1. Quick check, is residue 410 free of Cβ contacts under 8 Å to residues at least 12 places away in the same chain and either buried (at least 24 other Cβ atoms within 10 Å of the Cβ) or in the same structural domain as residue 44 (by TED's automatic domain parsing) (or both)?
2. For residue 273, work out the one condition from (1) over 18 Å from residue 58 (Cβ atoms); (2) in contact with a helix residue (DSSP H, G or I) (Cβ under 6 Å, 6 or more places away or on another chain); (3) assigned to a loop (DSSP other than H, G, I, E, B) it doesn't fulfil.
3. I need the full set of residues from region 61-89 which are in contact with a helix residue (DSSP H, G or I) (Cβ under 6 Å, 6 or more places away or on another chain) and either part of a strand (DSSP E or B) or surrounded by fewer than 19 Cβ atoms within 10 Å (Cβ to Cβ) (or both), in order please.
4. Of the residues in region 83-104, how many are more than 25 Å from residue 176 (Cα to Cα) and in contact (Cβ under 8 Å) with a residue 24 or more places away in the chain?
5. Which residue is nearest to the chain's Cα centre (by Cα), if the candidates are limited to region 228-239 and must be surrounded by 22 or more Cβ atoms within 10 Å (Cβ to Cβ) and modelled with pLDDT of 95 or more?
6. Of the numbered conditions (1) crowded, with 18+ Cβ neighbours inside 10 Å; (2) under 30 Å from residue 126 (Cα atoms); (3) outside the structural domain of residue 308 (by TED's automatic domain parsing), residue 242 satisfies every one except a single condition; which is it?
7. Which members of region 172-206 meet the condition of being over 28 Å from residue 351 (Cα atoms) and outside any helix (DSSP H, G or I)?
8. Those residues that are touching a helix residue (DSSP H, G or I) at 6+ places or on another chain (Cβ under 7 Å), part of a loop (DSSP other than H, G, I, E, B) and over 29 Å from residue 443 (Cα atoms), I need them from region 359-399; list them, please.
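The values are calculated or read from the model by the stated rules, or taken from the named source; none is laboratory data. Everything numeric in this text was worked out from a predicted model, so none of it was measured. Methodologically, a virtual Cβ is constructed for each residue, glycine included, from the backbone with ideal geometry; neighbour enumeration extends over all protein chains shown.
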């Protein structure tokens, strides 16, 4: 479970801003370089040893891992850009900081990590992707993209100091290169009497991918290794994600090929073929079989993705060379991470959002030779609410009472987990059926097991008479259970199968306790709460009825678990 019970949020003005006196002298505190890319799967990092490692996709990041520690069980708490970034910034889960989906806001006073670093005497900056609806006003300097930003000739919003006005400018060049150049410019002009904390944030490799021309020949003549589940999902999924007779697979989870009826990677395939001057092949795609299209789309998808990754890796190398030339390399804690993982064709999925491993898992590597032994690793369960407490710990600042995460500095330095360290981490995806058609769900991940509950409800109940959209769909509830030691690829859902009742009951108990401990009660969402309570001890019979109805009425996606029916059910219970 979580290391400590969550305390009620304390006013930042009374605790975070005034109570965190630096614990160590400024001259002994390390600089902080927090490098974060967007949607970088650990599968696409050589040091993690996945199927793409043999392609040598990340030589610089691999060198960081060899000179520091690699965290193998680091997870996000909500696998989507804005919520993950908000959790890193605040040290809080989505339901606490209020950023449950895209477009969320974190007010200046709640940007706890940079505020506390500034108070501790650090000069702070963020350059690159920000992706929150409020600007990074708690930093001394910022130069960030608006929203996703563009790969080519991006527009930046910049503020040189807390008293300066924000200015907008479009710069010529490739986004990853410009983020490096602007970061170095700030480092050269900073107040060198203070330690620095630079948040070095890349847009790449977020899709749709647009790599620099210098990477166009990279992997051109190679076949990208394919995941087994691209072609055969075996027993992966549930009534909630596949339906009883696979009637949901064309409607849930965007796909590499033609499986999903609305969201695929075929558009990107066409762009890549056009870029390569293969117009005749573009015109002939409709005549190809589903398997042929899927295979071609996968190859284009992964090659474009890895070419953008190489742009990140090369600009990290240049930053490390700069710090070495400045004599600051070994006096800087260097973190490499991504805001979440990413599907690269596993289960025929693209994007992230799911609690499945490729999306849930975050790369996390730390280099700091003064305290962290080179070439080490840990399998401790860490999540993104812990990042801020860890960084503040190295800055000599106590974890603010508003944060729900815990510093894992002792684990980085000793590779030993404290006796009261968590044995499970919590996850929740709120943005039901939006963009990539993922049902809302929550769950628990231990070192050995993963339990997921798909409750299939949006946060807001659609108003009567309002035009229907994917977000107004109420998908069937369902449970999934995976043994993460024996079935790391999650190919066999064990929920409801003989022999797993005991572990299921135990994990449900832990999940319930963890939700209560973290304050995720759903009291503000009665329509969700009813579904959770009704199906908590689901033996699949009721879910099967719903799924069977869908089999008979495949187009009536709004016909099951409607809020008005749930309200009547709740009254009848009373």
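1. Numbers: free of Cβ contacts under 8 Å to residues at least 12 places away in the same chain: yes; either buried (at least 24 other Cβ atoms within 10 Å of the Cβ) or in the same structural domain as residue 44 (by TED's automatic domain parsing) (or both): yes.
Taking the combined requirement at face value, the residue satisfies it.
2. (3)
3. Hits for region 61-89 are 69, 70, 75.
4. Taking region 83-104 first, the residues more than 25 Å from residue 176 (Cα to Cα) are 90-101.
Within this subset, residues satisfying the condition of being in contact (Cβ under 8 Å) with a residue 24 or more places away in the chain are 90-96, 99-101.
Adding up the residues that qualify gives 10.
5. To start, the set of residues in region 228-239 that are surrounded by 22 or more Cβ atoms within 10 Å (Cβ to Cβ) comprises 237-239.
If we keep only those that are modelled with pLDDT of 95 or more too, we end up with 237-238.
Numbers: 237: 20, 238: 23 Å.
Of everything passing the filter in region 228-239, 237 is nearest to the chain's Cα centre (by Cα).
6. Residue 242 satisfies all of (1) crowded, with 18+ Cβ neighbours inside 10 Å; (2) under 30 Å from residue 126 (Cα atoms); (3) outside the structural domain of residue 308 (by TED's automatic domain parsing) except (2).
7. 172, 190, 191, 192, 193, 194, 195, 196, 197 - these are the residues of region 172-206 that are over 28 Å from residue 351 (Cα atoms) and outside any helix (DSSP H, G or I).
8. As a first pass, look at region 359-399 and keep what is touching a helix residue (DSSP H, G or I) at 6+ places or on another chain (Cβ under 7 Å): 361, 363, 365-367, 371-372, 374-375, 378, 380, 384-385, 387-388, 390-395, 397, 399.
Checking the rest, the ones that are also part of a loop (DSSP other than H, G, I, E, B) come to 363, 371-372, 374-375, 380, 384-385, 395, 397, 399.
Selection gives 371, 372, 374, 375, 395, 397.
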